[in-house]
Structures are given as structure tokens and as C-alpha cells.
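I have placed the structure first, in the form of C-alpha cells, so that the comments after it can refer back to it.
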Amino acid sequence: MLSLDQAYSFENADNKQIQQLRNQALAIRELHWGDVITYSKKVFVPLTNMCRDTCGYCTFVKPPGSPEANIMTPEEVMAVVRRGEELGCKEVLFSLGEKPEKTYPEARQFLEERGYSTIVDYLYDMCRLVLENTNLLPHVNAGSLTEQEVLKLRPVSASMGMMLENISRRLLQKGQAHYACPDKVPLQRIRTLEWTGKHDVPFTTGILIGIGETWRERVDSLFAINEIHQKYGHIQEVIIRNFKAKPGTAMENAPEPSHEDMLKTLAVARLILDPTISIQAPPNLQDHYRDYVSSGINDWGGVSPLTIDHINPERAWPQIKSLEFKTSECGCQLKERLAIYPSYRNLPNRYLSDDISSRIDELETDLSPLIGAWVG
């Protein structure tokens, strides 16, 4: 494992040093995760694309007045979920803008007309709807949460997620990626990680690289994640996501991270994070499968046969058969997993509500070759 100073020292690593890091990361991956690369077959439900934050790289968010601004009705949610169920999906990824009701009267009106005061209250009922009417597992990505919101959502979600992105307060300054984004204040993000850890919520987080952060700020963010995991043990996976410049955003002309930078970050992440934490890199944001696998990743994340990646709509998911072939070319096996990893599923009294535990029992038979088979 790398110390903080060692990780800092690789800021200007040359190709030989990066290759050495990747070799070390690959050895750790093989020891703890074997030759299995996993993915979750999901359906992506963008519950609302209204958000009070205005990140400089985001095209997901649409302000009221835009014809694309939307909060999905229960009927719209279930139409997508049922189609996903027909296609064999097992995860419903609920993704939504943060606290739109605090900024937009249109969002408040939508919620109030249906008897809700917050988007989280509405999200709870949509998760409950999925549990009562399908065999899928909700995974909620609702951004920063209060402790009370974590407790509310915990019984109806198999796992939760929130990208930490970066812990630098500098990125909140005018002209930076997180300017005018109250929910991207690092303390708020860290508190969400702490509260989900305190209440035993299997959690996904990650960093977004290339948004103007320094190498040290990137390393600091990985160490912050690992320190919280060492305290609570609840972080099941960390995503290393590369920034993609999008037309129409404040950062449309910002440089994207280089391939070498991404490989270095993947390897250093594997060498910083506890080896029990899964490391994920989205397959639709790159074309370098072999390089990513040989830099220490063990998971491709959620892949949908039905819905687009609403965060990166211009980047189509690979077909699962194609992903299987590309993974085999890397010398690994592609295996489907659930939204909750086996090490957490195997401790249901700690990590699962009764509703979620019984649902997992129903889904396990489809994953029988994989359950219990991981080295990690």
C-alpha cells in the first residue's frame, strides 16, 4: 500500500514508473479478486434532471423552462422498470438532481401535488413501488444526504451511491468546476459517506478526474475515501471516472485527462484503497479495455441493455456480449453481479433490510456460478 507521500511523488511519473505502478496494482487485483471482472445488469431511471447545483461539466441537469426538464411520474418509472425486468435487469439505478425543490417552484409544485415535501420522500416511494411490483433491486444515487435521509432510504435500497468527485474546496471558487454548487461542498459529501457508514449502508463512491483538480487533490480524495472505509467498512466500490468535455457546458473546451493519466490514477487508486474495495471504470467512457484491466480494475459497473447513460448520453453502453468478448480478450471472465456485493450480502443482519434480503434470495439463483466464488 502506498503512503500519502509516496502517492504524491508520482505526480510526474514517467512511463516506466507508471508501468511499475500498474504491475503492482494488477498483482493486488489478481490476489484479491482473481480473474473475474464484474458488472451489474441495470436499468437507469433519471427520476429528475432538475438540480440546484450548476456543475461546469454537466449536461444531465435541465432548468425549469427547458422542454427537457422533468420529474418522472410513477407510471413513467414503472414503464421503464418493467421493460428492464423483461430484459433480465436486476438493478434499478435511481439517479437524480440534488434538492431541486429548494430552488425551483416547479419542482415543489410537482411534489406538493402528490403529497411530498422533498424529492427524497418521493424517491422512497418509487423504491417501494419497485420492491412491491418487480423483482429488481433499487440502488439510489441521490447525491449528498442528511442522516435522516440515509435512514429513510436504507430499508428500500440494496445499496446507495454518491460520487465524492474531489475534496478540494478550491474547486468551489468562481471559474472552477463546482462553483455555485452547494451540494458539492466537500464537507457535505464527506458527511454523507460518514452517515452511510454509521448506518451500515453498502456504498459506492468515486472520484472524477480532469475537472481542474491537482494530482495532490486527487490523491487526497482517494485517501479520504479509504480512511472512512477503514472506520466503517461499508464502501463496496470506488469509481474512477474520467471527465468528458461536453458542448454547451462551461468546461466544453477544458482538456480531458490523458490515457496515461487515467492509467496512473487507476493504478494508484488500487494501491491506496483497501484491497476489499472494488475498483470500477465505466466501459462506455473509454476504448482501452486491456489497459484498464491491467491497471487493477475488477468491475465495469452498471451496464444497461435498455436505457442510455443519462449522465453521458453521447457515450453508448457496450452490448453485454461485446463486453464479455472484450473482457475475455484481457484474459478475464465477465460475471454478472447484484447491486450489492457478496461480502455485504453475506451479512444480511448488518447490511440489509428484510425486504431487500428476501429479494436478493430470489435473485441469487440466476447468479449461482458467481455467488461466493470471488477471491475478494
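All of the numbers you see were taken from the coordinates with simple rules; none came from a lab. Everything numeric here is computed off the predicted structure, so don't read it as measured data. Cβ placement follows ideal geometry from the backbone for every residue including glycine, while neighbour counts extend to all protein chains displayed.
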Can you give me the long-range amide H partners of ALA13? Hydrogens built in the peptide plane at 1.01 Å from N, cutoff under 5 Å, separation of 5 or more residues or another chain.
none
Hey, got a sec? Which trypsin sites (Lys or Arg not before Pro) in the range 136-195 land in a DSSP loop and have at most 10 other Cβ atoms within 10 Å?
LYS174
Distant-in-sequence amide H partners of LYS335 (H built 1.01 Å from N, under 5 Å)
ILE37, THR38, TYR39
List every residue whose amide H lies under 5 Å from the amide H of GLY206, counting only residues 5 or more places away in sequence or on a different chain, with H placed 1.01 Å from N in the peptide plane.
LEU164, GLU165, ILE239
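Could you work out the helix-only [θ] at 222 nm for the chain, with each DSSP H run of four or more residues adding -39,500 (n - 2.57) and the total divided by the number of residues, to the nearest 500 deg cm²/dmol? List each step's numbers first, then the result.
Working: 14 runs with 146 residues, N = 376.
Roughly -11500 deg cm²/dmol at 222 nm, from the helical runs in the chain.
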Among the lysines, select those whose C-alpha is under 26 Å from the C-alpha of LYS321, and discard any that sit fewer than 8 residues away in the same chain.
LYS41, LYS42, LYS90, LYS244, LYS335
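Would you work out the relative contact order for the chain, in percent, from Cα pairs under 8 angstrom that are 6 or more residues apart? Please list the in-between numbers first.
Details: 709 pairs, mean separation 96.7, N = 376.
Averaging sequence separation for qualifying contacts and normalising by length gives 26 percent for the chain.
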Report the net charge of residues surrounding TRP215, where surrounding means a beta-carbon distance below 11 angstrom and charges are Lys +1, Arg +1, Asp -1, Glu -1.
-2
Kindly provide the trypsin sites (Lys or Arg not before Pro) of the range 97-148 that DSSP labels as loop, not H, G, I, E or B, and whose Cβ sees at most 16 other Cβ atoms within 10 Å.
ARG114
Under the Karplus relation with 6.51, -1.76 and 1.60 and θ = phi - 60°, whole-Hz ³J(HN,Hα) for the range 337-347, x at Gly and Pro, equal 10, 8, 5, 10, 6, x, 5, 8, 4, 6, 10
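Between beta-carbons, use under 15 Å as the cut-off and find the net charge around GLU11, counting Lys and Arg +1, Asp and Glu -1. Can you show the working numbers first?
Numbers: positive: ARG216, ARG218, LYS264; negative: ASP5, ASP14, GLU213, GLU217, ASP220, GLU260, ASP261.
Summing Lys and Arg as +1 and Asp and Glu as -1 gives -4.
Just order 347-358, 229-240 by mean Cβ neighbour count inside 10 Å, highest at the front, would you?
Working: 347-358: 15.6, 229-240: 20.5.
Put in order of decreasing packing, that is 229-240, 347-358.
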The rounded separation in angstrom of the Cα centers of the range 284-346 and the range 100-116 is 36 Å
